[in-house]
Amino acid sequence: MVPVKPSARGKSRLEVPGAERAALARAIALDTIVAATACELVAQVVIVTDDGSLARDAAMIPALRFVPEGDAGGLDAAVGVGVAAVDPNARMPRAALLGDLPALRPEDLTAALQAAAPVDRAVVADAEGTGSTLVTARAGVAWQSSFGEGSFARHVELGCRALQIPDASTLRRDVDTAAQLEAAVALGVGPRTAALLARH
């Protein structure tokens, strides 16, 4: 599940001179989605959003399913809507991936999902160690998440095992600020984000 806020509302703290925030937020989300679809352990990427322009821009990405967010309100509710739509009985392993990982490489996501497979629930910390970029639950385990500021500690309290993912993993570099985007660029962002930044 990849919850994505409508671009007009997303990334309110991301100010890059000369770059339209909504366009940048959409490019970051699309690069994240493309990387997730290329991960060999991902059966389907489910996008939970009410952003119609994102759906149009993602039309050429294979194997996506779009679920409207509706009145969900917040990341956890949006993820819950996606889980309920595609696997309400927890028959398959599920994961929630935040849509702000423009440098994500499929192999880094694969490594995390492999590490998560043996445990009931798992979480990956962001680069700062306080937030969460990925939360998982294996088959038969009820879904729970608590995204938002300081979410890593809350996920551990919910019973998620903290996965030992290397600091340099692209899975840990989420982007909310210009400084974080600069760090992601140093790792190598996806083509949509790179193209937009190259124009400015």
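The values are calculated or read from the model by the stated rules, or taken from the named source; none is laboratory data. The structure displayed is predicted, hence computed values, not measured ones. When we count neighbours, we look across all protein chains shown, and the Cβ atoms used for this are built from the backbone with ideal geometry, even at glycine. For accessibility, only protein heavy atoms count, side chains too; no ligands or nucleic acids. Shrake-Rupley method; radii C 1.70, N 1.55, O 1.52, S 1.80 Å.
Here are the numbers:
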item: Where A115 falls short, out of the listed (1) open to solvent by 20 Å² or more (accessible area, probe 1.4 Å); (2) closer than 19 Å to I47 by Cβ; (3) not basic (K, R); result: (2)
item: Contacts under 9 angstrom Cβ, first residue in region 27-52 being closer than 11 Å to L64 by Cα and in contact (Cβ under 8 Å) with a residue 40 or more places away in the chain, partner open to solvent by 10 Å² or more (accessible area, probe 1.4 Å) and among the basic types (K, R), 6 or more apart; result: V34/R192; Q44/R65; V45/R65; V46/R65; I47/R65
item: Residues that are open to solvent by less than 30 Å² (accessible area, probe 1.4 Å), at pLDDT below 95 and in a helix (DSSP H, G or I), drawn from region 30-54; result: S53, L54
item: Options G140, G148, G131: the member that is modelled with pLDDT under 95 and within 22 Å of R94 (Cα to Cα); result: G148
item: Meets criteria (modelled with pLDDT under 95, in a helix (DSSP H, G or I) and open to solvent by less than 60 Å² (accessible area, probe 1.4 Å)) for A72; result: no
item: Filtered residue count, region 87-109, keeping only those that are over 14 Å from the mean Cα position of the chain (by Cα) and open to solvent by less than 50 Å² (accessible area, probe 1.4 Å); result: 2
item: Residue ID - nearest to G74 (Cα to Cα), chosen from residues in region 143-186 that are of a type in the set (K, R) and surrounded by fewer than 19 Cβ atoms within 10 Å (Cβ to Cβ); result: R154
